[in-house]
Amino acid sequence: MEAAIVRTAKTHTKIEKKRNTTCPVGQLPLPHNFTPSPTRPKEKKGTQMPLFQALLLALLVLTIIPSPSSSQQQQNLTSFSSSDSPWLPTQNRFLLSPNSTFAAGFFPLPNSSNHFTFSIRYNKLSAKTQVWSATGDAAPPLSAATASLVITAAGQLLLSDSPSRRNLWRGTPTANPNSTKLVLGEDGNLVFGKWQSFNFPTDTFLPGQPINGSRLVSKNGRFSFTNSSSLVFNSSDEYWNTPNPFQQLNSDGSLNQANGITIISADYGTTRLRRLTLDDDGNLRIYSVDPAVQGGTWFIAWQALQELCKIHGACGPNAICMSDGSDTRSCLCPPGFRPSPADKNACLRKIPLSGNTKFVRLDYVNFTGGSNQTNLNVMNLTSCQASCTSAPNCLGFMFKYDGKGYCVLQLDRLLYGYWSPGTETAMFLRVDSSETDASNFTGMTSVLETTCPVRISLPDPPQDSNTTTRNIAIICTLFAAELISGVLFFWAFLKKYIKYRDMARTLGLELLPAGGPKRFTYAELKAATHDFSNPIGRGGFGDVYRGELPDKRIVAVKCLKHVTGGDTEFWAEVTIIARMHHLNLVRLWGFCAEKGRRILVYEYVPNGSLDKYLFPAGRVTLPGTEGGAIDSPKPMLDWGIRYRIALGVARAIAYLHEECLEWVLHCDIKPENILLGDDFCPKISDFGLAKLRKKEDMVSMSRMRGTRGYMAPEWVKSDPITPKADVYSFGMVLLEIVTGSRNFEMQGSLMDSDDWYFPRWAFEKVFKEMKVEDILDRQIKHCYDGKLHFEMVDRMVKTAMWCLQDRPDMRPSMGKVAKMLEGTVEITEPRKPTIFFLGDE
């Protein structure tokens, strides 16, 4: 006990000696009213203090030295002035905005508690996202032992991290030291006099912050956003730009650009915490906080590049970037290359190029970083290949199969390679002739190569013999006997068939097998339609009348025109049509083939055709649809019903193209051939009727008298007709469902009528001007809700744009179109639809 008292007395003596010195970090100086007794005699070695005096001294020491826990409590400031100097990293001070949305101060690095950055972060979110740094993100961190922030006597805001007291604060702010304070606004702007952090951004713009040409740099220092319009890699390689520079991000999710253009984010309209950040992967994104998640979670509301592989620097030299459409990407080596030991994202050539080389085709591969990408205009692929072969430093060339002579030579190096079907190019990589690697980038070109290389040879005929004449005589005799027997059997069968067919017609028992359509007489249909006196529609295939059968069923009776073939052939074609059963196809109940008349009996669809609901009164009537009954005003179709109609029609056409036993092309898809049932379930009519037309009539209808505005370009260009012609027509109908306007009615454009093209107008409104509301149907535009309807309308518009591509091979199949509308497959950014006789701006 006495030894402990002696040690306490020694401690007291040390504290007394250091009374006027600066206290270390985390401790407080001794109070001014503490004065040791000057008359206290020195203790000799071996003597002891009185017990009471030692206990009192120990208690006093414990009260004046704070505990470590109390010195680490957070201190929140509303402002920082010269009286608060110095501000040290270990003081746990933070400057808060008025509503505590943002906090500024010394924040430790995630991987080191002894290194700090003076930065601004979101304070209320669980993810303390940094939006600004005083020294810049690429600068070295600050040391806990030497860093400090002070307001000098000259009024300068000084951030230093070394004895030289060099100011690390960007912009060197100076103001009146007695009256100016450092404050943090609720918008995240740090202000000291006339200086503000909004003028010196790091990697983020906040809502309300003027952009005005300010430069952003990613935290890793590899990417920058310059001139408010360009994304640049390594300060020199530009890989994205916009013709309209950015001006300001707004809290409602809109991003203002020059020339009055606005970018709309995915959650536009709701005031939330947002930020525009240049990420370390080189993409510029708008982030938004989801308030429904506890603590708030950032999600991407907009990004500059949808394909991450188009960002320069994603992979090293000679490598090819691959992306699955999400935020993940990988680097692959092309044929003739192997991964580099020094850089896993780069590739090295296996066999150096020698005098003998060859080319390996890589479909949809593009390299954009050659030292001199020479653009040539050549006649064909052979000319482009010869130009590369003649250049010793040519490492390959890119070629487009579009007939325009697109040829680009890759010289000296292969950089920034990526794979994307949107490039439409094939890369021909130059390798040594001894290279055995096969191409691992193969597109549809190889699949379409159907030439059979097998050589077929016939054996030599045997030598003539004496039995040849006898064998010929036997074969001829047997053949003649079989022919005569076949003719006799067929004649006997025909007599019996005619006899029983007439009997079946008399008794009304003629039904096709497996519940097929009934064969009506002309007199029955004449009585059912009251002598064809109630027309309900007229089209290119014939007139339609309303009728009532004896069993009280209401039917639609179509009298066909220009039908070829006899009764048997017509019966066979009708049997094929009758076997097509689908929810969204009009059911065929019967037919009549009598005295040259060809009539089909369909189920009656009460609500009429789609065009009466889409287009208002006074609409333009299509050729071939004149004389239809004028109905009373129809109710407006809301967005949910329009989406169901589009999806039902897509499934029905996909059924005709891909699921029927017989390959059926509709050839005349338009709103007049889409009927609506009681619950507005769509049903396609006139399917399969093209098979019943004469060839010359079908050609005349399709190429000279077809429905204007719905024909695919291949009809006019005399190209082969495939199911993609129906895909084009459906795309035009789908766009009309969204806009509520005929495709040949100009929509307030300044363009000449000769250059007007409905899909191009819609594409520019939606994907260039970002004004999807401008194309919506005016009848129900007031019912459009961005939160409820944007995703649905966006899928419909993007699907329509893919269907309206001028080249058939660019259009998706109807099966994929249905999945795109369902949302089960991802829809990429479509190309602008063009047509061959209109130039593309």
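Provide the gained length on full extension for the span Ser383 to Ser251, in nm with one decimal, where the gain is 0.36 nm per separating residue minus the Cα-Cα distance.
Values: separation 132, 0.36 × 132 = 47.52 nm, distance 5.49 nm.
Length difference between fully extended and current span is 42.0 nm.
Computed from the C-beta positions of Asp412 and Ser434 and an R0 of 22 Å, the FRET efficiency is 0.45 to the nearest 0.05. Electrostatic tally near Asn356: other residues with Cβ closer than 14 Å to its Cβ, Lys and Arg +1, Asp and Glu -1, net 0. Measuring between their Cα centroids, the range 790-813 and the range 516-557 lie 38 Å from each other.
Spin-label model, Glu829/Asn345: points 7 Å from Cα along the beta carbon direction are separated by 2.1 nm. At an R0 of 56 angstrom, the distance between the Cβ atoms of Tyr522 and Leu788 translates into a FRET efficiency of 0.60.
3J(HN,Hα) along the range 773-790, derived from phi through the Karplus expression 6.51 cos²θ - 1.76 cosθ + 1.60 where θ = phi - 60°, amounts to 5, 5, 9, 6, 4, 5, 5, 10, 4, 5, 8, 6, 10, x, 5, 8, 10, 4 Hz, with x in place of Gly and Pro.
Taken about its Cα centre, the range 60-201 carries a charge dipole of roughly 80 debye when the Cβ of each Lys and Arg holds +1 and the Cβ of each Asp and Glu holds -1. Provide the net charge surrounding Gly295, with neighbours chosen by a C-beta distance below 15 Å and charges set as Lys +1, Arg +1, Asp -1, Glu -1. For residues surrounding Gly295, the net value is +3. With the simple spin-label model, which puts each label point 7 Å out from Cα in the Cβ direction, the Arg807 to Val293 separation comes to 4.0 nm. Residues whose amide H falls under 5 Å from that of Thr202, counting only those 5 or more places apart or on a different chain, are Ser133, with hydrogens built in the peptide plane.
The trypsin sites (Lys or Arg not before Pro) found in the range 101-192 that occupy coil by DSSP, while having at most 16 further C-beta atoms within 10 Å, are Lys124, Lys128, Arg165, Arg166.
Whole-Hz Karplus values for the range 212-218 come out as 6, x, 5, 9, 9, 10, 5 Hz, taken residue by residue from phi with 6.51 cos²θ - 1.76 cosθ + 1.60 and θ = phi - 60°; glycine and proline positions read x. When the C-alpha to C-alpha distance is required to be over 27 Å, the pairs from Lys765/Lys819; Lys724/Lys798; Lys219/Lys787; Lys683/Lys819 that qualify are Lys219/Lys787.
The chymotrypsin sites (Phe, Trp or Tyr not before Pro) found in the range 348-421 that occupy coil by DSSP, while having at most 13 further C-beta atoms within 10 Å, are Tyr401. Taking only the C-alpha atoms of the range 325-445, the Rg (one decimal) and the largest Cα-Cα distance, Dmax (whole number), read 14.1, 42 Å.
If a spin label sat at a point 7 angstrom from the Cα of Leu305 along the line to its beta carbon, the backbone N atoms of the range 389-423 nearer than 15 Å would be those of 415-423. The modelled label-to-label distance between Asn227 and Thr146, using points 7 Å beyond Cα along the C-beta direction, is 4.0 nm. The length gained on full extension between Ile780 and Ser81, counted as 0.36 nm times the residue separation minus their Cα-Cα distance, comes to 245.8 nm. Computed from backbone phi with θ = phi - 60° and the Karplus coefficients 6.51, -1.76 and 1.60, the 3J(HN,Hα) list for the range 295-306 is x, x, 9, 6, 9, 7, 9, 6, 8, 5, 10, 7 Hz; x is used for glycine and proline.
Extension gain, Val487 to Asn234, is 82.4 nm, computed as 0.36 nm per intervening residue step minus the present C-alpha separation.
Pairs of Cα atoms under 8 Å, at least six residues apart: use those to get the relative contact order of the range 705-833, whole percent. Computed over the range 705-833, the figure is 30 percent. Thr739 sits among other residues whose Cβ lies under 12 Å from its own Cβ, and their net charge, with Lys and Arg +1 and Asp and Glu -1, is 0.
Values quoted throughout were computed directly from the atomic coordinates according to the rules given, and no laboratory measurement underlies them. Everything numeric in this text was worked out from a predicted model, so none of it was measured. Because the Cβ atoms are built from the backbone with ideal geometry, glycine has one as well, and the counts that use them run over all protein chains shown.
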